[in-house]
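The values are calculated or read from the model by the stated rules, or taken from the named source; none is laboratory data. Given the structure is predicted, the values throughout are model-derived calculations rather than measurements. Cβ sites come from the backbone with ideal geometry, for glycine too, and all protein chains shown count toward neighbours. With ligands, DNA and RNA removed, areas are computed over all heavy atoms of the protein, side chains included. Shrake-Rupley method; radii C 1.70, N 1.55, O 1.52, S 1.80 Å.
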Protein chains: 2
Amino acid sequence: MDIEQKIATRVTHIEEIIRQYLPKEEGFQKTILEAMNYSILAGGKRLRPMMMEETYHMFGGTSRVIEPFMAAIEMIHTYSLVHDDLPAMDNDEYRRGKKTTHAVYGEAMGILAGDALLNYAFETATLAFEIEPGNPAVGRALRKLAVKSGIYGMVGGQVVDVESEKKPDETITREKLNFIYHLKTGALMEAAMSVGAILAGASEEEAARLEEVAARVGLAFQIQDDILDVTSTLEVLGKPIGSDEKNNKATYVTFEGIEKSKEDVKKLSEEAVEALSSFQKKDEFLQELFIYLIHRNK
Amino acid sequence: MDIEQKIATRVTHIEEIIRQYLPKEEGFQKTILEAMNYSILAGGKRLRPMMMEETYHMFGGTSRVIEPFMAAIEMIHTYSLVHDDLPAMDNDEYRRGKKTTHAVYGEAMGILAGDALLNYAFETATLAFEIEPGNPAVGRALRKLAVKSGIYGMVGGQVVDVESEKKPDETITREKLNFIYHLKTGALMEAAMSVGAILAGASEEEAARLEEVAARVGLAFQIQDDILDVTSTLEVLGKPIGSDEKNNKATYVTFEGIEKSKEDVKKLSEEAVEALSSFQKKDEFLQELFIYLIHRNK
């Protein structure tokens, strides 16, 4: 099986797990439940739950305790996209070729569906306490997920990104761009690997080293996004290309040029693979996945 | 000390605790940290952390483990107000006589400050795992808080309320109004008492009975809000009166009339006090508080 087939198999498996944790669309609050499920089932690479589950297995985890966390991290990722697409934010009508949540359900429901997804992520993750009531790692994993999603993680990066966009006259510094990339994309990938490892019984030191790996993957992933925005096509990418230039948005490519950016993606991915292979426990799929992500065209 | 003095003392104490858990306003994401702190320090009755701490003490709790949960529930309450005030929702420029968060920081930051507060609530609550790492009640309390804040709790009520407002031609049914009142106001009060009791070692059965008490308090509180919207003045209430009628919004008062509504507030409060006094453990302050809430004029 080549890596694309392996990924496709895992996406199917992950989506089955996610579906088990989605709310039933019934009752007075049916609309919001539909909007939540619409948002999360609208597709995506499922990269975060994929990295989480694989790291859990890498460290010898075998229980279902990982599943609510896999669903939770995808809910957090999804809510961030739903709110990012809102009229007061990026004002996007389409994502992955489908109408965005607020475009279908209206702006108020877009806001509330995002809120509901974020809350439901934590609600779902706390189901892990019922699967392994005596395992203190569950609390630690939950705290890790919360910190990496919050103002010192994903939301922190998102806020600085939005603020920078609203001040197009101010040139963004390289330091601030690093901050945004590190938090906005990297933090949830760090959470993915860290939570997987913690739940499988890894030490704090191992979890920290894995976060370093994930940070490199996250940065490579984000730079590749910038490259694709310049070099891809609407048909392949499923969204308009050249949007960064149109929005006058400084990216990694603006700072480093296209060639150096490509080199850096390669270098970061290789560093991630090397750091990963320094663990006594090996995981071939994660190594292949990190290399594959450089070659993705969407 | 009369009840108003007792409440004032507790509000001061609660706000000291909340301040300890607020983020420092520094770094690239300074604006959002300011917006979060602005929102949460803009005042309020602090009723939810007050009920939580008192219930914790009622069941013999003595540790600091309750504190991150007290801060967390107020953060959740605050985020719900910040999002409720947004232009796409109620579009309110003022709350408690102060500019609303989006009115000060802009709409995008209003959305993100709400998101950040909700996430930070869970981040803060997970600090309880570090205070009592071996206590399985922490995980149960966290799950309770998450469920009562979510689509089967506060957000669920909020969604149905917003949807009903957007369809002014459809008359709201009494059943739907009950649903909204029960979830939008009641659910977090249930969480407050339930979490306090669980953390102090109460049984599931005791927690469930306390939720019944809190549900009555929440309903009485909400009906009293409707009454004040008809009978109070702008000066006393700090917000325009008659807004429900202006917005053509059906309330408990619309269904039952003002006199019956007043009777029901009294009846619900008395039932709450009676149910509370049926516990072997007594708490005089909670009883006084529930009676006091009927007589509030703002």
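Pairs from the table (A:Lys24/B:Lys30; B:Lys45/B:Lys266; B:Lys45/B:Lys148; A:Lys144/B:Lys282) lying more than 31 angstrom apart at Cα are A:Lys24/B:Lys30; A:Lys144/B:Lys282. Measuring only protein heavy atoms, the 1.4 Å probe finds B:Ser277 accessible over about 50 Å². Buried accessible surface for the B/A pair, both sides summed and rounded to the nearest 100, is 4400 Å² with a 1.4 Å probe. Separation of the stretch B:187-218 from the stretch A:168-217 is 38 Å, based on Cα centroids. Accessible area of B:Arg95 (1.4 Å probe, protein heavy atoms only, ligands and nucleic acids ignored): about 70 Å². With r as the distance between the Cβ atoms of A:Glu204 and B:Thr171 and R0 = 41 Å, compute the FRET efficiency 1/(1 + (r/R0)^6) and round to 0.05. About 0.10, to the nearest 0.05.
Membrane-span-like helices in chain B, defined purely by DSSP H runs whose alpha carbon atoms cover 30 Å or more axially and whose average Kyte-Doolittle hydropathy reaches -0.5, are B:204-231. Here the label points at B:Glu284 and A:Arg296, each 7 Å from Cα along the C-beta direction, are separated by 6.4 nm in the simple model. For A:Val230, neighbours were defined as the other residues whose beta-carbon sits under 9 Å from its Cβ, and their charges (Lys and Arg +1, Asp and Glu -1) total -4. I need the shape label for the stretch B:3-295. Rule: rounded when a/c is under 1.5, else prolate if a/b > b/c, else oblate, with a, b, c from the alpha carbon gyration tensor. Oblate, since a/c reaches 1.5 and b/c is not below a/b.
Rounded to the nearest 500, the 222 nm mean residue ellipticity of chain B from helices alone is -22000 deg cm²/dmol, with -39,500 (n - 2.57) taken per DSSP H run of at least 4 residues.
The residues of the stretch B:3-295 expose, per residue, 40 Å² of accessible area to a 1.4 Å probe. Scaled against 2.2 N^0.38 Å for its residue count N, the alpha carbon radius of gyration of the protein assembly as shown is 0.98.
Compare each residue of the stretch A:67-93 in its chain alone against the assembly with all protein chains, and report those whose accessible area goes down by 10 Å² or more; 1.4 Å probe, heavy atoms. In the stretch A:67-93, residues shielded by partner chains: A:Tyr79, A:His83, A:Leu86, A:Ala88, A:Met89.
A straight chain from B:Glu93 to B:Lys267 at 0.36 nm per residue would run longer than the Cα-Cα distance by 59.1 nm.
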